[in-house]
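Take a look at the structure set out below.
Any read-out appearing in this document is the output of simple, stated calculations on the displayed coordinates, not a laboratory observation. Keep in mind that what you see is a predicted model, and the values were worked out from it rather than measured. All Cβ positions, glycine included, derive from the backbone under ideal geometry; neighbour counts span all protein chains shown.
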Amino acid sequence: MARIAAGLGALLLGGGAAAPPPSGAPADPLAAAGWELVWADEFEGDALDRSKWTPEVSCWGGGNGERQCYTDRPENIAVEGGLLLLKARKERFAGPARPPEIAGRDNPTLVQSHTSGKVRTIGLHAWRYGRIEARARVPAGQGTWPAIWMMPDNPAYGPWPRSGEIDILEAVNIGARCKQCAGGRENRTISALHFGDFPPANRFIDSRTALPDGALPSADFHVYAVEWGAGLIRFLVDGRVHLTVTADQWSTASPRARGRPHAPFDQPFYLMANLAVGGRLAEENNAKGLAAASFPAQFAIDWIRVYRCARDPVTGRACMG
């Protein structure tokens, strides 16, 4: 792993063995599988921990035609009541067109119709292999698009998507009309991998999954996770695996990947969470467009935790069953 939070990591690795649970108490299933906590944010206190997260400030729209400016304001990013709250609001706002890492010399001002929040561990923490999970409650509404996802810390195989993208959670238009959904309302969350070559030759593998009882995921908190090892990635909701992808299913067109059978998902990735407004995936599906009644919207995250496979930190596979 790269740049694991040193203080917490040292505490966990050097603090001695944890006390066994009381007789008859259930063991922690993650610990039993060999997963060891190396980084976490429980979102206690009343402010974002800037040693763990950097807010993105840009009006770029993610290359998807999204309609928000991400700001570093309490109106859009707040820590309250043990939760990280990313808040989307309808308000005309002007800001830099692109985030710093892709701004280049010229970064003109762009005006958007909404504001929202996005936080990233870029430049602070990144990991290769492990289990990353978040307990979160997504918002409902046509045009809402919350996500928890990962991008390459150092794009070793070139620009997107040659260096890959790992989408742990996306929730698009929850509660909007959906002909394919039980009950006729969008009740599915999405996990995905993006890879391949530059558009239009880019590729992805995804899965849309509903809760077992068919409830809207916006009604309560759920745990969304990825387990990532050498040549194997699987995604879970509330402990249930809903998508498994192996290295023979992904690829990269980068010539730098020769002799690397697990590329591009063999490099450190950083973590981010955001609440997008509109964009093609949202506006071209379900009831179409952007519903005014969807905003203000709020994406609530209870905690985010990162584990490594203690007995196999090199590949992570020993903890994946």
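The residue among Val223, Ala156, Leu48 whose Cα reaches farthest toward the positive pole of the charge dipole of the chain, with charges on the beta-carbon of Lys, Arg, Asp and Glu, is Ala156. Of Ala292, Ala134, Ala126, the residue with the greatest mean-square motion in the GNM of the chain, using alpha carbon springs below 10 Å, is Ala292. Determine which lysines satisfy two conditions relative to Lys118: a Cα distance under 30 Å, and not lying fewer than 8 residues away in the same chain. Here the lysines satisfying the reach criterion relative to Lys118 are Lys52, Lys87, Lys90, Lys288. Between Ala40 and Arg177, the modelled labels are 4.5 nm apart [label points 7 Å from Cα along Cα→Cβ]. Among Asn285, Asn76, Asn173, the residue with the largest mean-square fluctuation in a Gaussian network model of the chain, with springs joining Cα atoms closer than 10 Å, is Asn285.
For the chain, modelled as a GNM with alpha-carbon contacts under 10 angstrom, which of Phe235, Phe195, Phe93 fluctuates the most? Result for the chain, Cα springs under 10 Å: Phe93 fluctuates most.
Run the dipole for region 185-262 about the Cα centre, Lys and Arg Cβ at +1, Asp and Glu Cβ at -1, nothing else charged, and hand back the magnitude in debye, nearest 20.
Result for region 185-262 is approximately 340 debye, rounded to the nearest 20.
Of the three principal axes defined by the Cα atoms of region 204-256, the extents in descending order read 46, 18, 14 Å. With the charge dipole of the chain set up from +1 on Lys and Arg Cβ and -1 on Asp and Glu Cβ about the Cα centre, the Cα lying farthest toward the positive end among the listed residues Tyr129, Gly239, Ile77 is that of Tyr129. Close amide H partners of Val277, meaning residues 5 or more places away or on another chain with modelled amide H under 5 Å apart, are Arg67, Gln68. In the chain, the alpha-carbon atoms span a convex hull of 147 Å³ per residue.
Do any trypsin sites (Lys or Arg not before Pro) in region 218-321 lie in a loop, going by DSSP, with at most 12 other beta-carbon atoms within 10 Å of their beta carbon, and if so which?
Working: sites: Arg234, Arg240, Arg256, Arg258, Arg280, Lys288, Arg305, Arg308, Arg311, Arg317; in loops: Arg258, Lys288, Arg311.
Answer in residue order: Arg258, Arg311.
In this Cβ point-charge picture (+1 for Lys and Arg, -1 for Asp and Glu), the chain has a dipole of about 680 debye about its Cα centre.
Would you calculate a helix-derived [θ] at 222 nm for the chain, using -39,500 (n - 2.57) for each DSSP H run of n ≥ 4 and dividing by the full residue count, to the nearest 500?
Working: 3 runs with 18 residues, N = 321.
Estimated from H runs of four or more residues: -1500 deg cm²/dmol.
Just to be sure I understand: of the beta bridges DSSP finds with both ends in the chain, what percent are antiparallel, rounded to 5? Let's see the in-between values first.
On the way: 82 of 86 bridges.
About 95 percent, rounded to the nearest 5.
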